[in-house]
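Structure record follows, encoded as structure tokens.
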Amino acid sequence: MTRQAPPKAGSAAYRAGGARFLALASSFLAAAAAGSVFFIYGATDGLSLIDVVRTVLILSSTWWLAWGAATALLGLTSHRHLAAVHATGPIRGKTVVIVPVYNEDPVGTLSRIAAMDDSVRATGATAQIDFVVLSDTRDDQIAAAERLWFGQLIARQNGAGRMFYRRRQENTGRKAGNIEELITTSGDAWDFAVILDADSLMEGATIVEMIRRIEAEPELGLLQTLPRVVGARSIFGRAMQFAAGLHSPTFARGLAAMQGRSGPFWGHNAIVRVRAWAESCGLPELSGRAPFGGHILSHDSVEAALLARAGWVVRLDDDLEGSYEEGPENIIDHAKRDRRWCQGNLQHTKVVGAPGLLPWSRFSLFQGIFSYMAPLIWLAFIAASILAIPLAGELNYFPEANWPFPVFPNDHTAKAIGLALGIFGLLVMPKFLVGLYAVATGRARGFGGAAKTLRSVLHELLLSSLIAPVLLAFQSRSVLQVLFGRDGGWPPNNRGDGGLSVAESWAAGRWISVWGIGCISITQLYAPVLTLWLMPVALPMLIAPLLIWWTSRPAAPGLFLVPADLADPQIVQRHAAILDAWATAIPEQKVA
Amino acid sequence: MTDQMPIMNNGAPRVAFMRDAFEPPIAPLAMPKQVLTNEHRTMRRSVGAVVSLLSLIKHSLRRVV
């Protein structure tokens, strides 16, 4: 593959360039405005170093919020990305659907494969699509159950010769290493590979459509779908599922408008061209020790960058439906997953300067790094604001010698309130706009109608604001752990119902309560005027264990409705039926 | 379940298996390791280019003055 010529006016690359410029310019402008307003406000009583520090912190954190808002606005004003080529007819190439597993429930995972195979069969493409389970399971008991249930899968689906199972003795390189091992031993058997997670589900028609698109565009190296979250039951899980269902498509469309040839890869629910993958995605070990060195944890964005570097197109097609995944059911599972992502994204500091990467790939990697620095920037801003009070000293109303009249500093309170409202607006405005847009376009019908959609938007906003300080604490701890050299390892995902006991919640969240108490005490001691202002952050931290427990409880029916609640997608129904039948057939073999 | 025997093929490490019925077919594909670290030579070259440009400007200015 070779590099492309500069984009022509009106081309997709030209439009992407325009969208990038618009989003970057508007977010930088918003950040500069916030920074300058804060600078003027801070300098009212004379300029000090702490004012400069606070200005830089508010500028960076506002840029991050404005960048999210700009992406959402782009999504609201862009059209869905439609495939450049509309291919129909039978597919020609051979495809493998890869399902990597790591100490997962074999019944759940393999019944998903059965459901997807049934769905593929309905398209008539069975002969062209194989499945392979790549096990990195360390627990021998679970591994034995995997083989047992794989036999059941082969028998049910008549899958001999097109369904495969392989378990590695050493899980070198984790998921990326697992896939690499398949490509180096068997990759030449297939033209394309659909990469899934153990909890992924895809309609057969979607898989076939992805194959058609990648077959029709020889430059396309990777095609990413936007997976919808299904199966959530808890308050936390259903709020996340609702946000992913309502808001994510808009953010994804904004992202798609800017992607050009270097779109995102999220590690699953995507199709890759095997030859392109083999040529470009052999990941080396990074120099040094974990957490920054060693195997690359968040391999997906690096693989996307490497494909784009080699000249392949990496693209998110947000019009592809029928792609599903499951999400964490409680804050602890979310934080565990986030700890892994945090280490993986911060590790990208060693990759972002890699030679030959496209500028947008570098920016995407930078975004990942910055997303984990943002909580620390907010915390630093809060700390600096508390510190600024005792450092401010007394105001001098008589700065001029021999001048009998007092000089009052200018009152910039209105500017400060305006700034606070502006930042609050950047936080909530995108979600409200997406909700209103869904009502205006009729999309809200899928979420229970206009009233229920807006009610859910409001509840989701309230809930996310309430738990934001708790998530901020978890994320800050993760970042600090990584910065201090602590490796998070590779804990398996929990995919159960996610309900937590009070004791579990207390054990997981009590340190956040301590942080909350410390925060309030220090503020009360050194900057009592700020104590009340700090309460929206400090109070949720104080009651963190309670919040963790409460949000893991089952959600009230009717709240956070998503389209899948009103009409289960076919693949989800099919999976549920197979899971029921298997659980009834040999219940004692089920491994939780 | 599998006994792994490292073999070499075109410089890329491969793994051959004692196969069983469930194993995927053998059809190896080379997957070369990518370069992710910045080459110091490239950076030195860029810095060198900037330095030579600056000295060129300095000499031109001297001539003008």
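The values are calculated or read from the model by the stated rules, or taken from the named source; none is laboratory data. From a predicted model like this one, the values you see are computed outputs, not experimental measurements. Heads up, the Cβs are rebuilt from the backbone with ideal geometry, glycines too, and the neighbour counts pull from every protein chain shown.
Annotations for the structure displayed:
- All of A:75, A:93, A:68, A:108 fail the test of being in contact (Cβ under 8 Å) with a residue 40 or more places away in the chain and part of a loop (DSSP other than H, G, I, E, B), apart from A:93.
- Condition met for residue A:274 (over 14 Å from the mean Cα position of the chain (by Cα), within 14 Å of chain B (Cβ to nearest Cβ) and among the β-branched types (Val, Ile, Thr)): yes
- For segment A:131-147, the condition holds for at least one residue, the condition being that it is assigned to a strand (DSSP E or B), facing chain B (nearest Cβ under 8 Å) and either more than 17 Å from residue B:20 (Cβ to Cβ) or in contact (Cβ under 8 Å) with a residue 40 or more places away in the chain (or both).
Residue-by-condition table, conditions (1) without any contact (Cβ under 8 Å) to a residue 40 or more places away in the chain; (2) more than 30 Å from residue A:442 (Cβ to Cβ); (3) in a helix (DSSP H, G or I):
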{"site": "A:524", "(1), (2), (3)": "yes, yes, yes"}
{"site": "A:529", "(1), (2), (3)": "no, yes, yes"}
{"site": "A:532", "(1), (2), (3)": "yes, yes, yes"}
{"site": "A:536", "(1), (2), (3)": "no, yes, yes"}
{"site": "A:540", "(1), (2), (3)": "no, yes, yes"}
{"site": "A:545", "(1), (2), (3)": "no, yes, yes"}
{"site": "A:548", "(1), (2), (3)": "no, yes, yes"}
{"site": "A:559", "(1), (2), (3)": "no, no, no"}
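- Meets criteria (away from chain B (no Cβ under 14 Å), out of contact with any strand residue (DSSP E or B) (no Cβ under 9 Å at 6 or more places or on another chain) and of a type in the set (Val, Ile, Thr)) for residue A:109: no
- Residue match in segment A:266-275 (condition: touching a Pro at 6+ places or on another chain (Cβ under 8 Å) and of a type in the set (Val, Ile, Thr)): no
- Among all positions in segment A:347-366, there is no residue which is touching a Cys at 6+ places or on another chain (Cβ under 6 Å) and closer than 26 Å to residue A:290 by Cα.
- Which listed residue is more than 19 Å from the chain's Cα centre (by Cα) and aromatic (Phe, Trp, Tyr), from A:312, A:341, A:360: A:312
- One residue stands out in segment B:36-58 among those that are surrounded by 13 or more Cβ atoms within 10 Å (Cβ to Cβ) and modelled with pLDDT of 70 or more: the one that is nearest to the other protein chains (Cβ to nearest Cβ), namely B:36.
- Of the criteria (1) buried (at least 19 other Cβ atoms within 10 Å of the Cβ); (2) out of contact with any helix residue (DSSP H, G or I) (no Cβ under 7 Å at 6 or more places or on another chain); (3) assigned to a helix (DSSP H, G or I); (4) within 14 Å of chain B (Cβ to nearest Cβ), which one residue A:354 fails: (3)
- In this structure, residue A:466 does satisfy being at pLDDT 90 or above and either among the hydroxyl-bearing types (Ser, Thr, Tyr) or touching a helix residue (DSSP H, G or I) at 6+ places or on another chain (Cβ under 9 Å) (or both).
- Qualifying residue in segment A:259-271 (condition: under 30 Å from residue A:454 (Cα atoms) and of a type in the set (Val, Ile, Thr)): no
- Conditions (1) away from chain B (no Cβ under 12 Å); (2) touching a residue at least 24 places away in the same chain (Cβ under 8 Å); number of the one not met by residue A:248: (2)
- Verdict on residue A:207 being assigned to a helix (DSSP H, G or I) and touching a residue at least 12 places away in the same chain (Cβ under 8 Å): yes
- Among the residues of segment A:148-204, the one identified as in a loop (DSSP other than H, G, I, E, B), buried (at least 22 other Cβ atoms within 10 Å of the Cβ) and within 12 Å of chain B (Cβ to nearest Cβ) is A:190.
- Just one of the listed residues (A:106, A:100, A:90) is over 28 Å from residue B:34 (Cα atoms) and either within 29 Å of the chain's Cα centre (by Cα) or buried (at least 24 other Cβ atoms within 10 Å of the Cβ) (or both), and it is A:106.
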